[in-house]
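The values are calculated or read from the model by the stated rules, or taken from the named source; none is laboratory data. These numbers come from a predicted model, not from an experiment. Using ideal geometry, Cβ is built from the backbone for each residue, glycine included, and neighbour counts are taken over all protein chains shown. Note: accessible area is taken over every heavy atom of the protein model, side chains too, but ligands, DNA and RNA are not part of it. Shrake-Rupley method; radii C 1.70, N 1.55, O 1.52, S 1.80 Å.
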Amino acid sequence: MDAGYVQLGYGEVALAAGLILINGALSLALGLGLERRLMVASVRTVVQLLLIGYLLKFIFGLRHPLWVLLLGLVMVALAGHAAVGRVSGRFRGIYAGSTVSVLVSSFLVTGLAVAAIVRPRPWYEPQYVIPLLGMVLGNALNGVSLGLDRFLEGLARRRDQVEGLLALGATRWEACRDVIRDAVRTGMVPTLNSMAVVGLVSLPGMMTGQILAGADPADAVRYQIVIMFMIAAATALGTLGAVAYAYRSLLDGFHRLRLDRLSRAQRD
């Protein structure tokens, strides 16, 4: 025991890595063909987490706002790119739209939470700002990805309906309103599902981590409640922003549907 929690060495981590063999055995037994992907994903998980661990230790030691901001911007850029990577279609500016949507929503929500709710001293304390931003980003990018994919799919599926409404004199908003609503709703569903069962079916990472570190469970619960509301707000804002950007990109100012600007994503 040390500092109120059980420390794990690399030997224990290596033992835990053996659990991935269960996935490999299932893939071989069922002929899923996922062995290579499992190996690559496992290696990436270890390497990425080790790197971020050393980086966070370095930034925590410096405690300088510029380093915190720089790391936050890098995280946002990666999140924006990852969100588009899961979308089936492409159009000009999709990466910029996704990244800006994630940036605005995550920084706004995290900034409000840090300034008005958590109130660390100093305000840029990396121990608080970076984990909060990371959890918000991880969920916001899922909402952006799901919302964008559903919007592009909905436009293609309802093309005749949308073009028919536009031909009858409807504005681009009137013609696409249902598609936009469906896309934003889809982006928000995973977060709403998580909120419905949190504490009953699942114990979220933030709360579990604090409890393992020796925090009072009541304190951990209060932090987790704040996190869930932050995630819900950032996901809604990010999804709406990304879908709105796609809407303005694929329906021009002359109220014409421009699916010629849309292409399919290249898959490996």
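Quick look at the values:
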{"read-out": "Probe 1.4 Å, protein heavy atoms only - accessible area per residue of the stretch 164-261 in square angstrom", "value": "54"}
{"read-out": "Per-residue SASA entry for ASP219, accessible area with 1.4 Å probe, Å² rounded to 10", "value": "70"}
{"read-out": "Residue among GLY53, GLY134, GLY238 with the largest mean-square fluctuation in a Gaussian network model of the chain, springs linking Cα atoms under 10 Å", "value": "GLY53"}
{"read-out": "Extension reserve of the ARG177-ALA29 stretch, reckoned as 0.36 nm per residue once the Cα distance is removed", "value": "48.6 nm"}
{"read-out": "Accessible-area order (highest first, 1.4 angstrom probe) of the listed residues PHE107, PHE91", "value": "PHE107, PHE91"}
{"read-out": "Percent RCO, i.e. relative contact order, over the stretch 1-106, from Cα pairs under 8 Å lying at least 6 residues apart", "value": "15"}
{"read-out": "Structure-derived percent of Cα pairs over 34 Å apart - corresponding label in (1) 30; (2) 22; (3) 13", "value": "(1)"}
{"read-out": "TYR128 accessible area, assembled protein chains, probe 1.4 Å, Å²", "value": "80"}
{"read-out": "Ranked order, TRP123, TRP173 - accessible area, probe 1.4 Å, largest first", "value": "TRP123, TRP173"}
{"read-out": "Share of carbon and sulfur in the accessible heavy-atom surface of the stretch 1-101 [1.4 Å probe, %]", "value": "72"}
{"read-out": "Solvent-accessible area of GLU174 with every protein chain in place, 1.4 Å probe, in Å² to the nearest 10", "value": "90"}
{"read-out": "Burial ranking of peptide ranges 71-80, 39-48, 146-155 (average Cβ count within 10 Å, highest at the top)", "value": "146-155, 71-80, 39-48"}
{"read-out": "Estimated [θ] at 222 nm from DSSP helical runs (n ≥ 4, -39500 (n - 2.57)) normalised by residues in the chain, nearest 500", "value": "-25000 deg cm²/dmol"}
{"read-out": "Fluctuation leader among ALA232, ALA156, ALA83 - the chain, Gaussian network, Cα springs under 10 angstrom", "value": "ALA156"}
{"read-out": "Share of carbon and sulfur in the accessible heavy-atom surface of the stretch 113-268 [1.4 Å probe, %]", "value": "58"}
{"read-out": "The stretch 198-268 and the stretch 33-73: distance between their alpha carbon centers, rounded to Å", "value": "20"}
